[in-house]
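Enquirer: Sharing a structure here in structure tokens format.
The values are calculated or read from the model by the stated rules, or taken from the named source; none is laboratory data. No experiment lies behind these values; they were computed from the predicted model shown. Glycine also receives a Cβ, built like all others from the backbone with ideal geometry; neighbour counts cover every protein chain displayed.
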Amino acid sequence: MKSDWSHLEKFRMKAKDGPFDSPAGARYGAFQIKMSGEHYAVIADDGCGGEGGDKTGWEHVSVRALVDPTLRMSRIPTWREMCRIKSLFWNDDEVVVQYHVDGDEKIDVHPCVLHLWRPVDGVFPMPDSKMV
């Protein structure tokens, strides 16, 4: 995950904005990102437990595409949109995944949210690059 999130500060949700607010410079928090006329609700965490958070060992970004930010209407983000969000939080040489868990493990808090994951140590099995 990128060590410098200063490029995200203009999108960071401030204390008055909700339960996932965060102080400037934190490597976690909620962001309302606007790119190319589109809006995205994003919650991100570097997995290291900063500011009293949980040390999960997983870098995580959840993304929801906002059709109407005022009314909070949303849709599922596209592959291209997820790639663009990925590039805001991770370097190009870092691999992230989207997990599809079995039905018993699935928790669907919001039907239009997709998640990107990466272990903090950056190590997990990968298929040969010719296969992906």
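Enquirer: Out of everything in region 56-89 that is surrounded by fewer than 18 Cβ atoms within 10 Å (Cβ to Cβ) and of a type in the set (A, V, I, L, M, F, W, C), what residue ends up being farthest from the chain's Cα centre (by Cα)?
Expert: Leu71
Enquirer: In addition: Tally the residues that are of a type in the set (A, V, I, L, M, F, W, C), out of contact with any Ser or Thr (no Cβ under 9 Å at 6 or more places or on another chain) and free of Cβ contacts under 8 Å to residues at least 60 places away in the same chain, restricting the search to region 56-107.
Expert: Here is the first cut: in region 56-107, the ones of a type in the set (A, V, I, L, M, F, W, C) are 58, 61, 63, 65-67, 71, 73, 76, 79, 82-83, 85, 88-90, 95-97, 101, 107.
Checking the rest, the ones that are also out of contact with any Ser or Thr (no Cβ under 9 Å at 6 or more places or on another chain) come to 58, 61, 63, 71, 73, 76, 79, 82-83, 85, 88-90, 95-97, 101, 107.
After this cut, where a residue has to be free of Cβ contacts under 8 Å to residues at least 60 places away in the same chain as well, the list is 61, 63, 71, 73, 76, 79, 82-83, 85, 95-97, 101, 107.
The number of residues fulfilling the criteria is 14.
Enquirer: Next question, about the same structure. Conditions first: (1) exposed (fewer than 14 other Cβ atoms within 10 Å of the Cβ); (2) touching a Phe, Trp or Tyr at 6+ places or on another chain (Cβ under 6 Å). Asp92 passes all but one, so which condition is the exception?
Expert: Unmet condition: (2).
Enquirer: Residues of region 108-130 being closer than 26 Å to Ala41 by Cβ and part of a loop (DSSP other than H, G, I, E, B), which ones? Talk me through it step by step, then tell me what you get.
Expert: Of region 108-130, the ones closer than 26 Å to Ala41 by Cβ are 108-120.
Asp108, Val109, His110, Pro111, Cys112, Val120 - these are the residues of region 108-130 that are closer than 26 Å to Ala41 by Cβ and part of a loop (DSSP other than H, G, I, E, B).
Enquirer: Shifting gears a bit: Where in region 1-78 are there strands (runs of 3 or more DSSP E), lying fully within it, with 2 or more residues that are at pLDDT 85 or above and closer than 28 Å to Phe124 by Cβ? Quick ask: steps written out before the conclusion?
Expert: Working: elements: 28-35, 38-45, 58-68, 73-75.
Fully inside region 1-78 and qualifying: 28-35, 38-45, 58-68.
Enquirer: Restricting to region 114-132, name every residue that is under 25 Å from Arg80 (Cβ atoms), of a type in the set (Val, Ile, Thr) and touching a residue at least 60 places away in the same chain (Cβ under 8 Å).
Expert: none
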